[in-house]
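Undergrad: Here you go, one structure.
The values are calculated or read from the model by the stated rules, or taken from the named source; none is laboratory data. These numbers come from a predicted model, not from an experiment. Cβ sites come from the backbone with ideal geometry, for glycine too, and all protein chains shown count toward neighbours. Side chains included, ligands, DNA and RNA excluded: accessible areas come from the protein's heavy atoms. Shrake-Rupley method; radii C 1.70, N 1.55, O 1.52, S 1.80 Å.
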Amino acid sequence: MGITYEDFLDLDYEPTDEDLVCTFRIDPATGMSTEAAASRVASESSNGTWAALQTGADFTDMGATTFDIDGDLIRVAYPAGLFEPGNMPQVLSCIAGNIMGMKAVDTIRLLDCEWPESVVSAYPGPLYGSSVREEIFGVTDRPITATVPKPKVGLSTAAHAQVGYDAWVGGVDLLKDDENLTDQAFNPFSDRLTESLSLRDDAEDETGEKKSYLINVTADTQTMLDRVDEVAAQGGEYVMVDIITAGWAGLQTVRERTEKHGLAIHAHRAMHAAFDRLPAHGVSMRVLAQVSRLCGVDQLHTGTAGLGKLANEDTVGINEWLAGDLHGATDVLPVASGGLHPGLLPDLLDATGTNVCVQLGGGIHGHPDGTRAGAVALRSAIDAYVEGRAITEAAEETPELAVALDKWGTETPR
Ligand SMILES: O=C(COP(=O)(O)O)[C@H](O)[C@H](O)COP(=O)(O)O
Ligand SMILES: [Mg+2]
């Protein structure tokens, strides 16, 4: 018995319910047919290599099969037994591993995955998903809101917490750390946690509303676990993880620990664009979102449907996937963020619906009258949208919103 890469192409194969099916777009190398490149994709991502191999009796065939070729799109079926249950790094070392650099293709993009129950059931999925709105904030009819203090880093602990307080009392639900704020000398993690939660309590007393804090625990895995424990001990409800830079292994370990404490996970996706920005190559945000859901994040940045400051791909399609059925797994609350301001909200919420978290940094703190006024403007725009009123109408009663609309209009920033 032996295997060569040709064994990995079978256009008559029909995937079973147990197979993980991946869709790739490929651009074969010069002189390489699509069929030859497609069979090499299935080979290298499962159990093959460039050379023909001899196999003996002590061998379980875990080979993948390219079973469909449609122009530059190929579909590959992977047997569930190829995958260690619950080990996301191992899954990605197959379906997004060596093949990303193989010379048989000039470019290759993992576009989408169909996850079988046998694979999904080994992952925890989110603890809360979009039910954070109701479970943490008691809100059912409107998007929840978050704000990230700007400048991103450099504010002292007291100044950072004060920005949170101003935003909370202005009507925002969540203070959020920026992706590159963790435990620096100008604003140490433990001090920030304590001072922010203290002001959160004050803001709750003042407003009568539930408020919370997305503190960034991103670090080496052991430090993340220590920080998760600290957040729980201090009475937080969430931790934030930079899931791409921290890595899937770290996220999976954090997810086990947050389960013990009943904490929710806010997933920031900084560095995702290294995988998904160039359309011909890499791993799509859709797949990164799928992996995030399996690993168990409750909230995930998925872009602004093209309205904000950052390049986006298919926010609406990804959000629909995050809300859709996945063998009973909990959904994920999408977070729209990046260059948003109140004037963009109606178009944003028309595109995404209201089961989202809306995050504004510059769109609150850049308000001419400061953070609290910016927060009032955001909340007024959100409430108006939910009530079915035009934000221009709400601006007649809420001068803070009128000032924001006057400053930014409905323009997309760059
Ligand atoms: O700090 C911000 C937004 O700040 P601002 O509101 O001032 O633009 C977030 O890091 C980006 O939204 C990340 O991008 P994405 O959400 O696309 O992952
Ligand atoms: Mg940021």
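Undergrad: So if we plug the beta-carbon distance of ASP205 and ALA270 into 1/(1 + (r/R0)^6) with R0 = 35 Å, what FRET efficiency do we get, rounded to 0.05? Before the final figure, lay out each step's value.
TA: Working: r = 34 Å, r/R0 = 0.97.
It comes to 0.55.
Undergrad: Per residue, what accessible area does the chain have, given a 1.4 Å probe and all protein chains present, in Å²?
TA: Value for the chain: 40 Å² per residue.
Undergrad: Label point 7 Å out from THR354 along Cα-to-Cβ: which residues of region 310-330 have amide N under 19 Å?
TA: Correct set: 320, 323.
Undergrad: Report the residue, chosen from ALA146, ALA36, ALA336, that carries the largest GNM mean-square fluctuation when the chain is represented by alpha-carbon nodes joined by springs under 10 Å.
TA: Taking springs between Cα atoms under 10 Å, the residue moving most is ALA36.
Undergrad: To test your reading of the geometry: what angle, between 0 and 90 degrees and rounded to tens, separates the Cα axis of helix 399-408 from the longest principal axis of the chain?
TA: 50 degrees
Undergrad: Treating only the Cβ of Lys, Arg, Asp and Glu as charged (+1, +1, -1, -1), what charge dipole size does the chain show about its Cα centre? Round to the nearest 20 debye.
TA: On the way: 28 positive and 64 negative charges, 236 e Å.
Its charge dipole is roughly 1140 debye.
Undergrad: Mind checking which of THR245, THR223, THR371 has the largest fluctuation in a GNM of the chain, springs on alpha carbons under 10 Å?
TA: Looking only at THR245, THR223, THR371, the largest GNM fluctuation is found for THR223.
Undergrad: In what order, largest first, do PHE189, PHE59 sit by accessible area if the probe radius is 1.4 Å?
TA: PHE59, PHE189
Undergrad: I would also like to ask the following. Rounding to the nearest 10 and keeping the result within 0 to 90°, find how far the Cα-based axis of helix 34-44 lies from the longest principal axis of the chain.
TA: In the chain, helix 34-44 runs at an angle near 80 degrees to the longest axis.
Undergrad: Still on this structure, please answer the following. To the nearest 10 degrees, how steep is helix 189-207 against the longest Cα principal axis of the chain, on a 0 to 90 scale?
TA: Helix 189-207 sits roughly 50 degrees off the main axis of the chain.
Undergrad: Now for a separate question. Select from ILE74, LEU20, THR107 the residue farthest towards the positive end of the dipole of region 2-120; place +1 on Cβ of Lys and Arg, -1 on Cβ of Asp and Glu, and compute about the Cα centre.
TA: It is THR107.
Undergrad: Given +1 on the Cβ of Lys and Arg, -1 on the Cβ of Asp and Glu, and no further charges, what dipole in debye does region 2-120 carry about its Cα centre, rounded to the nearest 20? Walk me through the numbers before you get to the answer.
TA: Values: 5 positive and 21 negative charges, 119 e Å.
Here region 2-120 has a charge dipole of around 580 debye.
Undergrad: From the protein chains alone at 1.4 Å, what is the descending order of accessible area for TYR238, TYR123, largest first?
TA: These residues rank, largest area first, as TYR123, TYR238.
Undergrad: When the solvent-accessible surface of protein heavy atoms is calculated with a 1.4 angstrom probe, in what order do ARG200, ARG277, ARG40 fall, highest first? Mind dumping the intermediate values first?
TA: Details: ARG200 15, ARG277 160, ARG40 60 Å².
The ordering from most to least exposed comes out as ARG277, ARG40, ARG200.
Undergrad: Let me ask you something else. Which of the peptides 92-99, 75-82 is most tightly packed, and how do the rest follow, going by the mean number of other Cβ atoms within 10 Å of each residue?
TA: Working: 92-99: 17.6, 75-82: 21.1.
Most protected by this proxy first, the peptides run 75-82, 92-99.
Undergrad: Another question, then. Enumerate the calculated ³J(HN,Hα) couplings along region 304-321 in order (Karplus 6.51 cos²θ - 1.76 cosθ + 1.60, θ = phi - 60°), each rounded to whole Hz, writing x wherever the residue is Gly or Pro.
TA: Once rounded to whole Hz, the list reads 10, 6, x, 8, x, 8, 10, 5, 10, 9, 6, 4, 5, x, 5, 4, 5, 5.
Undergrad: Roughly how many percent of the accessible protein surface of the chain is carbon and sulfur, given a 1.4 Å probe and a whole-percent answer? Please list the in-between numbers first.
TA: Values: 7940 of 16680 Å².
After summing per-atom areas, the C and S share lands at 48 percent.
Undergrad: Turning to a different aspect of this structure: Which residue, CYS357, CYS295, THR55, has the largest displacement toward the positive end of the dipole of the chain when charges sit on each Cβ (Lys, Arg +1; Asp, Glu -1)?
TA: CYS357
Undergrad: Compute the FRET efficiency between VAL316 and ALA57 as 1/(1 + (r/R0)^6), taking r as their Cβ-Cβ distance and R0 = 41 Å, and round to the nearest 0.05.
TA: That pair, VAL316 with ALA57, gives E of 0.20.
Undergrad: Same structure, new question: Which residue fluctuates most in the GNM of the chain (Cα springs below 10 Å): MET88, MET32, MET224?
TA: MET32
Undergrad: Quick one: what are the phi-derived ³J(HN,Hα) couplings along region 169-176, Karplus 6.51/-1.76/1.60 with θ = phi - 60°, whole Hz, x for glycine and proline?
TA: 5, x, x, 7, 8, 10, 7, 10
Undergrad: Note the full-extension length gain between GLN90 and VAL386 as 0.36 nm times their separation in residues minus their Cα-Cα distance, in nm to one decimal.
TA: Computed gain between GLN90 and VAL386 is 102.2 nm.
Undergrad: Could you give the length gained on full extension between GLU397 and ASP226, defined as 0.36 nm per residue of separation minus the Cα-Cα distance, in nm?
TA: 56.9 nm
Undergrad: Full-extension gain between ASP191 and ASP72, please, as 0.36 nm times their residue separation minus the C-alpha to C-alpha distance.
TA: 37.5 nm
Undergrad: With each pseudo-label sitting 7 Å past Cα toward Cβ, what's the GLU18-SER33 distance in nm, one decimal?
TA: Placing both labels 7 Å beyond Cα along the Cβ direction yields 3.1 nm.
Undergrad: Follow-up question, since we're still on this one. Quickly work out the ASP183-to-GLU134 label distance, labels modelled 7 Å from Cα along the C-beta direction, and quote it in nm with one decimal.
TA: 3.7 nm
Undergrad: Same structure again: Residue-wise, which Karplus ³J(HN,Hα) couplings in Hz belong to region 234-244, taking 6.51 cos²θ - 1.76 cosθ + 1.60, θ = phi - 60°, and x for glycine or proline?
TA: 8, x, x, 10, 9, 10, 10, 10, 7, 5, 7
Undergrad: With the dipole of the chain worked out from charges on the C-beta (+1 for Lys and Arg, -1 for Asp and Glu) around the Cα centre, which of HIS281, ALA161, GLY247 lies farthest toward the positive end?
TA: The residue sitting most towards the positive pole is ALA161.
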